[in-house]
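The structure appears below as structure tokens.
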Amino acid sequence: MPAAPDPGRPPRDGRLLTGGRVVTPQGVLSPGWIRMAGNLIDAVGTGDPPGRLAPERPAVDLRGQWVLPGLVDMHVHGGGGASFTEGTEDDARKAAEFHRAQGTTSMLASLVTAPLAELEARAGMLAGLADEGVIAGLHLEGPFLSPARRGAQDRRHMIAPDVAVFERLHAAARGHLRVMTLAPELPGALAVIRAATRAGVIVAVGHTDATADVTMAAIDAGATHATHLFNGMRPLHHREPGAAGTLLDRDEVTCEVIADGVHLHDIVVRLAARAAGPGRLVLVSDAMAAAGMPDGRYQLGSMRVTVAGGVARLHEDSAALAGSTATLPGAIAGSTATLANVVRHAVAAGLPVSDVAAAASTTPARVLGLAGRTGALSPGLAADLVVCDDDFRLRAVMRQGQWLAGPAGY
């Protein structure tokens, strides 16, 4: 972590935010202040800033609004009508730009199951965006997944875990593959887990029908993360806790939850938060291209998706019930929420604000190895932050010291 500047000597480019409810790793500072120097946080404190901290430029009075660290999304497929899973490099840039403007100052680009050659090509394209700092890396959600728990993934392209295939994908990503989701019950899974762990890739358990014993073996082999806990998994049972119960039980595992009001009941969100604690809970959006867009037809990789009432589901033309003109609803196909929406819902569901900030910023930053750069409102870290009103509606976004959205004067 960069050394924090001397708070008694304000830099010439210093900017000061005052009068906010500033959520830090040590607690909520109310009223709190933050001073920036260039693209870094220079100093943070409570009450009125000392006179010697006053910069040349006027301070911005946040009038009691909440200030949280910039959001870090480990699981996002697209948004704003664009996607990481299909389309051009410009489409991927558009998706990243959309989420940055919505408060996600760092994100992984998540891919879904596809033919191997296509995954290699997209990994190479997205690696270029990671080189530029547009994204923080890649997450491969497939192709080593269980057809029995495929959700909105294309089963035609699912394959058994294979170390050689992993190495091809890892090479295509040029060092930017950060997370790989797999089903540990599949043949060859443990070998891939060990190979990925040796390569510095986080192995996540997801889209799996694994039992508790199989999941424990995967964790012992090196898996340390859960992809959207409960969704795409064998249900938790009191005599067979499956992957969900086992992942929650192991202290070395961080657990994603999609607290959007669609994927999980709020009671389940609260139970998961209590079991995991703020140091292991990771809030994610699992957003797809329809995030921030109206209802209609969209794509998620090769799969057609219909969004109705803000809920994305696979478009199932052939799911007619026998003897009926009704159709079965398709599987939930990602989320139309941003991570800021998830934060707001999690607070409304009863999670403490400090715990929500940890789960949406600090913990995912730590998991991704970014804790020395971002994820908290602390001196020496990037000036990445979001400003929210009393109802946790997003009001302004700062990334690396630059306002991306907000009222005039910010």
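The values are calculated or read from the model by the stated rules, or taken from the named source; none is laboratory data. Note that the structure is a prediction, hence the values are computed from the model and not measured. A quick note on method: Cβ atoms are made from the backbone with ideal geometry, for glycine too, and the neighbour counts reach across all protein chains shown. Side chains included, ligands, DNA and RNA excluded: accessible areas come from the protein's heavy atoms. Shrake-Rupley method; radii C 1.70, N 1.55, O 1.52, S 1.80 Å.
The single residue among Ala160, Ala148 that is part of a helix (DSSP H, G or I), surrounded by fewer than 21 Cβ atoms within 10 Å (Cβ to Cβ) and not charged (D, E, K, R) turns out to be Ala148.
Just give me the residues in the range 90-113 being of a type outside the set (D, E, K, R) and open to solvent by 10 Å² or more (accessible area, probe 1.4 Å), in sequence order.
Residues satisfying the conditions are Phe98, Ala101, Gln102, Ser106, Val112.
From the list Ala218, Ala244, exactly one residue is in contact with a Phe, Trp or Tyr (Cβ under 7 Å, 6 or more places away or on another chain), more than 19 Å from Arg344 (Cα to Cα) and not in a loop (DSSP other than H, G, I, E, B). Which is it?
Ala244
Which of the residues belonging to the range 125-135 are crowded, with 24+ Cβ neighbours inside 10 Å and more than 16 Å from Gly301 (Cα to Cα)?
Ile135, the sole residue that qualifies.
Scanning the range 247-262 for residues that are surrounded by fewer than 23 Cβ atoms within 10 Å (Cβ to Cβ), of a type outside the set (A, V, I, L, M, F, W, C) and under 30 Å from Gly309 (Cβ atoms) yields a single hit, Gly261. If you go through the range 235-244 and pick out every residue that is open to solvent by 10 Å² or more (accessible area, probe 1.4 Å) and either under 15 Å from Ala189 (Cβ atoms) or touching a Leu at 6+ places or on another chain (Cβ under 9 Å) (or both), you end up with 2.
Residues that are touching a strand residue (DSSP E or B) at 6+ places or on another chain (Cβ under 7 Å) and open to solvent by less than 40 Å² (accessible area, probe 1.4 Å) within the range 216-227 comprise Ala218, Gly222, Ala223, His225, Ala226, Thr227, listed in sequence order. Step by step: first the residues of the range 10-25, then only those that are in a loop (DSSP other than H, G, I, E, B) and at pLDDT below 95, then the one that is surrounded by the fewest Cβ atoms within 10 Å (Cβ to Cβ). Which residue is that? So, considering only residues that are in a loop (DSSP other than H, G, I, E, B) and at pLDDT below 95, the one surrounded by the fewest Cβ atoms within 10 Å (Cβ to Cβ) is Arg12.
Close contacts from the range 222-246, counting a first residue that is of a type in the set (Ser, Thr, Tyr) and a second that is surrounded by fewer than 20 Cβ atoms within 10 Å (Cβ to Cβ) and assigned to a loop (DSSP other than H, G, I, E, B), with Cβ to Cβ under 9 Å and a gap of 6+ residues or different chains, come to Thr224/Arg250; Thr224/Glu252; Thr246/Thr211.
Thr362 meets the conditions (1) open to solvent by 10 Å² or more (accessible area, probe 1.4 Å); (2) over 30 Å from Gly200 (Cα atoms) in every case but one. The failed one is (2). Quick one: is Asp355 over 21 Å from Thr18 (Cα atoms), open to solvent by 50 Å² or more (accessible area, probe 1.4 Å), among the acidic types (Asp, Glu) and more than 15 Å from the chain's Cα centre (by Cα)? Against the criterion (over 21 Å from Thr18 (Cα atoms), open to solvent by 50 Å² or more (accessible area, probe 1.4 Å), among the acidic types (Asp, Glu) and more than 15 Å from the chain's Cα centre (by Cα)), Asp355 qualifies.
To keep it simple, each residue is scored yes or no on (1) surrounded by fewer than 18 Cβ atoms within 10 Å (Cβ to Cβ); (2) touching a strand residue (DSSP E or B) at 6+ places or on another chain (Cβ under 8 Å); (3) under 15 Å from Gly242 (Cβ atoms); (4) without any contact (Cβ under 8 Å) to a residue 60 or more places away in the chain.
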site	(1), (2), (3), (4)
Leu177	no, yes, no, yes
Thr181	no, yes, no, yes
Leu186	no, no, no, yes
Ala191	yes, no, no, yes
Ala195	no, no, no, yes
Gly200	yes, no, no, yes
Val205	no, yes, yes, yes
Thr211	yes, no, yes, yes
Val214	no, no, yes, yes
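With the checklist (1) assigned to a loop (DSSP other than H, G, I, E, B); (2) open to solvent by less than 30 Å² (accessible area, probe 1.4 Å) in hand, flag the one item Val342 doesn't pass. All conditions pass for Val342, except number (1).
On the stretch given as the range 157-171, residues that are of a type outside the set (Asp, Glu) and over 14 Å from Leu145 (Cα atoms) total 6. Evaluated against (1) farther than 24 Å from Ala196 by Cβ; (2) open to solvent by less than 10 Å² (accessible area, probe 1.4 Å); (3) of a type in the set (A, V, I, L, M, F, W, C), Val284 falls short on exactly one condition, (1).
Could you tell me whether the range 229-237 includes any residue that is closer than 18 Å to Val367 by Cα and touching a Cys at 6+ places or on another chain (Cβ under 7 Å)? Scanning the range 229-237 turns up at least one residue that is closer than 18 Å to Val367 by Cα and touching a Cys at 6+ places or on another chain (Cβ under 7 Å). Remark: pairs (first residue in the range 342-370, closer than 17 Å to Val67 by Cα and among the small types (Gly, Ala, Ser); second residue open to solvent by 50 Å² or more (accessible area, probe 1.4 Å) and outside any loop (DSSP other than H, G, I, E, B); Cβ separation under 7 Å; 6+ apart in sequence or on different chains) = Ser354/Val28.
For the range 139-164, the set of residues classified as among the small types (Gly, Ala, Ser) and within 24 Å of the chain's Cα centre (by Cα) consists of Gly142, Ser146, Gly151, Ala152, listed by residue number. Within the range 294-308, identify whether any single residue is among the β-branched types (Val, Ile, Thr) and either within 17 Å of the chain's Cα centre (by Cα) or at pLDDT 95 or above (or both), and answer yes or no. No, the range 294-308 contains no residue that is among the β-branched types (Val, Ile, Thr) and either within 17 Å of the chain's Cα centre (by Cα) or at pLDDT 95 or above (or both).
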